[in-house]
Amino acid sequence: MDTPPPVIQLDAASKRFGNGVQALEACSMQLASGEFVSLLGPSGCGKSTVLRLAAGLEQPSSGTVYSPALQGAEAATAYVFQEPALMPWASVFDNVWLPLRLAGHSRAASRDRVEAALRGVGLQDFGAAFPAELSGGMKMRTSIARALITQPRVLLMDEPFAALDEITRSRLNSDLLALWAAQGLSVLFVTHSVYESVFLSQRVLVLGQRPGRVVAEVRINAPYPRSAAFRRSGAYLHACAELSAALEAAYGDAA
Amino acid sequence: MKARHLLPALTLLALLLAWELLVRLAHIPHYTLPAPSLIAQTLWANFGSLAGSWWFTLKVTFSALALACAGGVLIAAVFALSPAVEAALFPVAVILQVTPLVAIAPLILIYIESTTAALLLCAWIVAFFPILSNTVLGLRAADANLRDLFRLYRATPWQRLRLLLTPTALPYFLGGLRISGGLSLIGAVTAEMVAGAAGRETGLASRILEASFRTETPKMFAALTLLVFTGMLIFWAFNALSHHLLRTRQKNG
């Protein structure tokens, strides 16, 4: 089986912040084109730093980071934060339009694409609504539509569903997989949930405690599309057990 | 909606009624404390002459407020762009703010020949600071994730200012505006009190002084009523403006 070329690659990347915190230490990992990979670890293990390096929002202190964002390919990388990060003064439509607007596309010229993106996340009837009128799940859908509006190659997601309730979270997980399959995305997904990472990913990378680096890798070999039934399958439970064991090995009983 | 307005209106009415009764039952002479009814009569009888002064006070107040908006926002933008300029000039702004207006108004009246211009400067000095400090705060308050997003999509500095910083700063600016609206009226009146009835045109403060020299207490109250009315109008107008501009940001807005 030939491996597709990586869209993101970290080679012994380290990151020390100005305040002396060593967030990453010689961290190496790859995200292949079209792949869905989760980064799993507790809060403060440097997961977000990996995403910020990949997005070009931070520079590595040492080592190298290869990513389309750093290659100057504009809008090839999209980022979804833990908070929806919507502009409260702008309608849902205008929030989703933002990346195109910043690239110089007028509202009229962007209309079809914005409406398609809203349909993609099931918010076609909410373009005129304002963020204050939306539920948490709808805000996150808007945030995802905004990320996908530029048709990025790489989607970086930083615990996007952590603040949502279990039911909304499951639904968004399924919708995300559908979008991933439909749009040929490569997704790097940060989470602290074993179950979420198993349900979504082809590979899960376990990050060790600060300074962070990849300490274990678990392949989830279940086929897509994955339905709710997958959550009850033996393969799912087995993968969860394997990951939990890897976390325990990395963090002790506390994990 | 109705009950929200009814309660303060009834309270005000009750206070006025109590005032009226107190004056009538205690036989307080009108040169000590005129009854509300007499004040209303005086206001009505003198409205022609008071209106000119009222107009002058309004002109000074709103000109000062407009200049305070322009100056405050402009200086705030410069401060936001250059921390060095802010570090250098912010103490000067604080000095202007903490110096009591009545203490420097006589100096300003000496240095500036035109009384109107001097009054305008006095009102401006007290009105610009809340707008400046609030806008500086607002320009810095942009959401960290949104700032990252604008970087990720390679927004130009102009796009950042127009689409992120300005809308973020708007509620802060409006908060400053509501404070400055009242302050510019206070500034205009205070400065005129110090200036006395010196200029060609005179505002309501001069009329209060003038009436006080002649012990025309009801006329003092009549001018005062106009000032209070103006202050409340400014407060309500900016409250309504702020509510209107920010209506989409509030829940159920």
Packing-based exposure ordering (other Cβ within 10 Å, fewest first) of A:Lys15, A:Lys139: A:Lys139, A:Lys15
Which of B:Leu7, B:Leu233, B:Leu121, positive extreme of dipole for chain B (C-beta unit charges): B:Leu7
Per-selection metrics, chain B (Cα): Rg and Dmax in Å: 22.4, 76
Dipole magnitude of the protein assembly as shown, debye to nearest 20 (Cβ charges: Lys/Arg +1, Asp/Glu -1, about Cα centre): 700
Antiparallel DSSP beta bridges within the protein assembly as shown, percent to nearest 5: 45
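Could you line up B:Phe90, A:Phe126 from fewest to most neighbouring Cβ atoms inside 10 Å? Working shown, then result.
Values: B:Phe90 15, A:Phe126 18.
Final ranking by Cβ density, sparse to dense: B:Phe90, A:Phe126.
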Sites B:His30 and B:Glu201 - FRET efficiency at Förster radius 25 Å, r taken between beta-carbons, to 0.05: 0.30
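Order of B:182-190, A:57-65, A:170-178 by packing, highest average Cβ count within 10 Å first?
Packing order, densest peptide first, comes out as B:182-190, A:170-178, A:57-65.
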Cα centroid of region A:86-123 to Cα centroid of region B:197-250, whole Å: 46
Kirkwood Rh in Å, taken over all unlike Cα pairs in the protein assembly as shown: 27.7
Rough spin-label spacing in nm, given labels placed 7 Å along Cα→Cβ, for B:Trp158 and A:Ala103: 2.0
Column: log10 I(q)/I(0), Debye, Cα scatterers of region B:119-252, q = 0.21 Å⁻¹: -1.18
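Which whole number gives the average count of other chain Cβ atoms within 10 Å of the Cβ atoms across peptide A:78-87? It would help to have the intermediate numbers written out before the result.
Working: counts 3, 6, 2, 6, 1, 4, 1, 7, 3, 9.
Mean partner shielding for this stretch: 4.
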Mean Kyte hydropathy of 1.6 or more with a Cα span along the axis of at least 24 Å, helices from DSSP in chain B: B:115-139
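Quick one: pull the percentage of alpha-carbon pairs in region A:85-152 with a separation above 13 Å. Mind dumping the intermediate values first?
Numbers: 1262 of 2278 pairs.
Percent of Cα pairs beyond 13 Å in region A:85-152: 55.
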Average beta-carbon neighbours from other chains, 10 Å sphere, peptide B:142-148: 5
Along each principal axis, Cα extent of chain A, largest first, Å: 53, 44, 39
FRET efficiency for A:Tyr251 and A:Tyr66, using Cβ-Cβ distance with R0 set to 25 Å, rounded to 0.05: 0.30
Most positive-pole-ward Cα, B:Met193, B:Phe56, B:His243, against dipole of region B:52-244 from beta carbon charges: B:His243
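Express the relative contact order of region B:52-244 as a whole percentage, based on alpha carbon pairs under 8 Å and six or more residues apart in sequence. Show your work: numbers first, answer last.
Numbers: 237 pairs, mean separation 57.1, N = 193.
Reported as a whole number, the value is 30 percent.
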Convex hull volume per residue for region A:18-91, taking Cα atoms only, in Å³: 156
Sparse-neighbour loop sites [trypsin sites (Lys or Arg not before Pro); region B:98-154; at most 15 other C-beta within 10 Å; DSSP]: B:Arg140, B:Arg154
Taking B:Ser242, A:Ser186, A:Ser244 and counting other C-beta atoms within 10 Å, the order from fewest to most: A:Ser244, B:Ser242, A:Ser186
Label-point separation, B:Arg247 to B:Lys59 (7 Å along Cα→Cβ), nm: 3.5
Shielding by partners - mean other protein chain Cβ count within 10 Å, residues of B:238-250: 2
Nonlocal amide H pairs with A:Arg203, under 5 Å, H built at 1.01 Å: A:Phe36, A:Ser38, A:Ile220
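The numbers here are math on the coordinates, done by the rules we state, and not lab data. The structure presented is a predicted model; accordingly, all values stated were derived computationally and were not measured. Glycine gets a Cβ as well: all are built from the backbone with ideal geometry, and neighbour counts include every protein chain shown.
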